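A quick write-up on the structure given underneath.
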């Protein structure tokens with residue numbers, strides 16, 4: 001029991017929560033019944049059991065792009081891995097948690113990414129933080145809209161971080177030239193880091209121009225393919241689509257989006273992977289990825305590489321994009337992520353709520369995640385959405401936005 005005369009050096013969680021509430025930033029957990037294109041949701045039960053609603057809702061908010069999270073083939077691969085190896089790796093991979101299945105997935109990823117070798121981490125976040133830290137760069141050039149895991153990797157590395165304008169290779173080149181001119185004799189290691197597909201804007205980084213700028217200064221390039229892995233030729237990402245495998249030094253990605261599992265990976269040359277095995281703290285000090293997740297990701301990668309599911313996915317993306325545009329909405333970006341620009345944060349929140357009332361789940365993205373005046377609804381179709389599902393989404397957007405006088 002605390003001494004009554006002792007000063008209060010504890011924490012008051014209710015105060016920051018109230019602050020978030022006052023700024024419309026407090027979020028709650030809402031359990032879903034399944035990871036599918038249509039499912040039931042429950043209000044946040046806190047510590048109690050969820051009580052799912054009677055009606056199902058269409059999910060246009062997931063990163064399960066190929067709809068493989070409930071694919072029987074992927075489920076069977078996860079079950080087989082659990083039966084053959086166990087439900088958990090049991091230790092860090094440097095101790096006893098390294099299995100033949102981990103190595104098989106890494107070989108598949110390396111082949112997909114046209115790399116010598118790949119290394120699987122417990123999450124994409126761990127892959128980014130661990131890789132940047134293990135490289136120990138002196139200067140990092142980072143896109144201003146890079147994912148939080150990249151931002152945290154930059155912070156934890158202790159490197160000088162230079163932020164350049166979003167998807168602007170000319171701005172990157174300028175920042176690199178300025179750094180070089182400030183101390184021409186400096187013996188520095190430089191790393192350029194960018195997402196390939198940006199999850200809130202749907203934009204695609206100009207990777208070829210970024211490689212051009214980096215090569216002029218002898219810098220390495222690291223590309224986060226979290227939202228692109230599995231969606232392009234042979235299950236690759238934007239790096240493969242653009243034919244840049246031999247120019248991107250570090251290819252990072254996740255197993256938790258299109259590959260419908262859990263974990264992250266890094267692909268590159270053999271010495272890079274060996275360095276990460278020894279120096280990436282988020283790899284060294286984490287239990288190996290659970291075998292069922294490894295098995296599921298490997299099967300999902302195989303399915304993605306065949307192309308049929310990918311073709312259906314991209315057909316859905318174009319159908320939904322064209323439909324939203326025909327209703328008068330401005331769709332940002334040029335990828336499979338479709339941010340529907342609303343502008344005002346209150347309007348975006350109201351539209352997201354009304355869409356949910358119409359059984360369509362698509363979240364409002366508002367400041368500080370995006371700049372003032374650019375609040376939006378983030379829409380992400382899946383390969384498993386039917387044409388009727390997409391039509392229902394479009395009908396809900398038209399009806400609810402019209403009632404709110406947004407279009």
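The values are calculated or read from the model by the stated rules, or taken from the named source; none is laboratory data. This structure is a prediction, so every number in the text was calculated from the model and none was measured. All Cβ positions, glycine included, derive from the backbone under ideal geometry; neighbour counts span all protein chains shown.
Every residue, every condition in (1) in contact with a helix residue (DSSP H, G or I) (Cβ under 9 Å, 6 or more places away or on another chain); (2) outside any strand (DSSP E or B); (3) more than 22 Å from residue 153 (Cα to Cα); (4) without any contact (Cβ under 8 Å) to a residue 24 or more places away in the chain, yes or no:
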{"position": "230", "(1), (2), (3), (4)": "yes, yes, yes, no"}
{"position": "239", "(1), (2), (3), (4)": "yes, yes, no, no"}
{"position": "256", "(1), (2), (3), (4)": "yes, yes, no, no"}
{"position": "292", "(1), (2), (3), (4)": "yes, yes, yes, no"}
{"position": "295", "(1), (2), (3), (4)": "yes, yes, yes, no"}
{"position": "311", "(1), (2), (3), (4)": "no, yes, yes, yes"}
{"position": "319", "(1), (2), (3), (4)": "yes, yes, yes, no"}
{"position": "323", "(1), (2), (3), (4)": "yes, yes, yes, no"}
{"position": "334", "(1), (2), (3), (4)": "no, yes, yes, no"}
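Here the strands (runs of 3 or more DSSP E) wholly within segment 122-212 that include at least 3 residues being over 25 Å from residue 271 (Cα atoms) and either touching a strand residue (DSSP E or B) at 6+ places or on another chain (Cβ under 8 Å) or free of Cβ contacts under 8 Å to residues at least 60 places away in the same chain (or both) are 160-164.
Rundown of residues vs (1) at pLDDT 95 or above; (2) exposed (fewer than 12 other Cβ atoms within 10 Å of the Cβ); (3) closer than 26 Å to residue 64 by Cβ, yes/no style:
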| position | (1), (2), (3) |
| --- | --- |
| 21 | no, yes, no |
| 24 | no, no, no |
| 28 | no, yes, yes |
| 35 | no, no, yes |
| 40 | yes, no, yes |
| 47 | no, yes, no |
| 50 | yes, no, yes |
| 53 | no, no, yes |
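For segment 90-113, the criterion of being without any contact (Cβ under 8 Å) to a residue 60 or more places away in the chain, buried (at least 16 other Cβ atoms within 10 Å of the Cβ), in contact with a helix residue (DSSP H, G or I) (Cβ under 9 Å, 6 or more places away or on another chain) and in a helix (DSSP H, G or I) is met by at least one residue.
For segment 336-357, a tally of residues being closer than 23 Å to residue 257 by Cβ and part of a helix (DSSP H, G or I) returns 3.
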